[in-house]
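Everything on this sheet refers to the single structure shown next.
The values are calculated or read from the model by the stated rules, or taken from the named source; none is laboratory data. Just so we're clear, the structure is a prediction, and the values are computed from it rather than from any experiment. Heads up, the Cβs are rebuilt from the backbone with ideal geometry, glycines too, and the neighbour counts pull from every protein chain shown. To get the accessible areas, we keep the full protein, side chains included, count just its heavy atoms, and leave off ligands, DNA and RNA. Shrake-Rupley method; radii C 1.70, N 1.55, O 1.52, S 1.80 Å.
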Amino acid sequence: MKTISLCMIVKNEEDCLANCMESIRNVVDEIIIVDTGSTDGTKEIATKYTNHIYDFKWCNDFAKARNTAFSKASKDYILWLDADDVLKPEDQEKMLALKEELDDSIDVVMLKYNIAFDQNGECTFSYYRERLVKRSLNLKWQEPVHEYLPITGRVVRKEIAITHEKKHSSGDRNLNIYKDRIRRGEKLSTRGVYYYAKELLEHNNIKDAIKYFEGFLNREDGWVEDKINACYYLSKCYRQINDVEKQQAILVKSFEYDIPRAEICCELGLLYFIKMDYKKAIYWYNVAATLEYPEDNWGFRIRDSWGYTPNIQLCVCYDRIGNIEQAIKYNEIAAQYKPDSPSVLYNRDYFKNRQKKEA
């Protein structure tokens, strides 16, 4: 059986570190904790689970901190987590089974990262990340923020989920790291430009977000999934400044990079829905509803866009044009994805009452 070193960087994580450790302690063979300046009880909690605790002087560079943690590992493979990540019991069992399956031919294992959930705890937003890597490859983290591992060799994907139980926001931290580097005259990488644009959008700096998203799309070396997502985020920027023409154009531009994504088609549907052009809205929601979810794709996915959202919107669109039979049909299809959705339940009552009045 292959062995695993867990490598983490932490700071002021006393509220969540123990949950993370309890969920992983029986899966890994070694735990490496690199503390970047905690002032709470984080290090005391860490001592209950490992003797491998190291201090790192914070320098606004997540890659350097993670590389320090990786350099301390001694087992066959390295797993990385954040302090507010956990393995659910079913995923703990899958990880233990994976250890039995691992062999030297596998260099990198991609695992699902579940980061957003609905009121019933169902995952609504997930993507795959390079979670488990062979130590002998000596892979190095890149980028000071929104860091990543440039993976190589044989890469496999497993249906094992890391669940993100977000305890606190990063606030302006990431944005300020980018701004500081720009002030010092550093040029952002293509990936950096994309993520800086996202940070600007999240902080409602729409003008600069548009500038950097457009700059990213003008570069040729961006990852195709990031290009599609840049079109998606740019459309939201254009909506905020009421530039419908540019919003429509950038959504359609995403089709240049790959086959349509349901997230994009739902945005096109919403664009026409807002304009009360229900015929065109129905067209794009239908496209989204019929697309097959790309299970083998590593990009970001809003799961509701691949089932629930287009169908619940089709229900509303058909109701608006007076086609009640179709509206009821699509409400029930939406219910197959989210049986307890407040919108689905409301619509059922609405249609019952309407049919009674018309009887």
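Restricting attention to segment 304-350, which residues are buried (at least 17 other Cβ atoms within 10 Å of the Cβ) and of a type in the set (Phe, Trp, Tyr)?
Selection gives Trp306, Tyr308, Tyr318, Tyr330, Tyr337.
Determine whether Ile228 is part of a helix (DSSP H, G or I), in contact (Cβ under 8 Å) with a residue 40 or more places away in the chain and β-branched (Val, Ile, Thr).
Yes, satisfied.
For the condition surrounded by fewer than 17 Cβ atoms within 10 Å (Cβ to Cβ) and in contact with a Gly (Cβ under 8 Å, 6 or more places away or on another chain), what is the one hit in Lys88, Lys57?
Just one listed residue meets the conditions, Lys57.
State all residues of segment 37-54 that are surrounded by 20 or more Cβ atoms within 10 Å (Cβ to Cβ) and touching a strand residue (DSSP E or B) at 6+ places or on another chain (Cβ under 8 Å); if no residue qualifies, say none.
Answer for segment 37-54, where residues must be surrounded by 20 or more Cβ atoms within 10 Å (Cβ to Cβ) and touching a strand residue (DSSP E or B) at 6+ places or on another chain (Cβ under 8 Å): Thr42, Ala46.
Can you find a residue that is aliphatic (A, V, I, L, M), more than 22 Å from Arg303 (Cα to Cα) and surrounded by 16 or more Cβ atoms within 10 Å (Cβ to Cβ) anywhere in segment 155-163?
no
Can you name every residue in segment 2-18 that is crowded, with 16+ Cβ neighbours inside 10 Å and in contact with a strand residue (DSSP E or B) (Cβ under 8 Å, 6 or more places away or on another chain)?
Matches in segment 2-18: Lys2, Ile4, Ser5, Leu6, Cys7, Met8, Ile9, Val10, Lys11, Leu17.
Restricting attention to segment 191-223, which residues are out of contact with any helix residue (DSSP H, G or I) (no Cβ under 6 Å at 6 or more places or on another chain), assigned to a helix (DSSP H, G or I) and within 14 Å of Asn174 (Cβ to Cβ)?
Arg191, Gly192, Tyr195, Lys198, Glu202
Within segment 260-285, how many residues turn out to be touching a helix residue (DSSP H, G or I) at 6+ places or on another chain (Cβ under 8 Å), open to solvent by 30 Å² or more (accessible area, probe 1.4 Å) and among the acidic types (Asp, Glu)?
Qualifying residue count, segment 260-285: 0.
What are the pairs, 6+ residues apart or on separate chains, where a residue within segment 278-301 that is of a type in the set (S, T, N, Q) has its Cβ under 9 Å from a residue that is open to solvent by less than 30 Å² (accessible area, probe 1.4 Å) and part of a helix (DSSP H, G or I)?
Pairs found: Asn286/Cys265; Asn286/Gly269; Asn286/Pro310; Asn286/Leu314; Thr290/Pro310; Asn297/Glu225.
Please verify whether segment 81-97 includes one or more residues that are within 25 Å of the chain's Cα centre (by Cα), under 19 Å from His146 (Cα atoms) and part of a strand (DSSP E or B).
Yes, there is a match, as at least one residue in segment 81-97 is within 25 Å of the chain's Cα centre (by Cα), under 19 Å from His146 (Cα atoms) and part of a strand (DSSP E or B).
If you take the residues in segment 134-185 that are acidic (Asp, Glu) and either free of Cβ contacts under 8 Å to residues at least 12 places away in the same chain or not in a helix (DSSP H, G or I) (or both), which one is nearest to Val27 (Cα to Cα)?
Kept after step one, since they are acidic (Asp, Glu), are these residues of segment 134-185: 143, 147, 159, 165, 172, 180.
In the following step, the residues that additionally are either free of Cβ contacts under 8 Å to residues at least 12 places away in the same chain or not in a helix (DSSP H, G or I) (or both) were identified as 143, 147, 159, 165, 172.
On the way: Glu143: 29, Glu147: 25, Glu159: 16, Glu165: 19, Asp172: 34 Å.
Across segment 134-185, the extreme among qualifying residues is Glu159.
Being charged (D, E, K, R) and without any contact (Cβ under 8 Å) to a residue 40 or more places away in the chain is the filter here; which residues of segment 308-325 pass it?
Asp319, Glu325
Search segment 286-301 for residues being surrounded by 11 or more Cβ atoms within 10 Å (Cβ to Cβ) and of a type in the set (S, T, N, Q), and hand back the single one that is nearest to Tyr233 (Cα to Cα).
At the first step, the residues of segment 286-301 found to be surrounded by 11 or more Cβ atoms within 10 Å (Cβ to Cβ) are 286-289, 291, 293-294, 297-301.
From the residues that got through so far, the ones that are of a type in the set (S, T, N, Q) too are 286, 297.
Working: Asn286: 22, Asn297: 19 Å.
The extreme case among them is Asn297.
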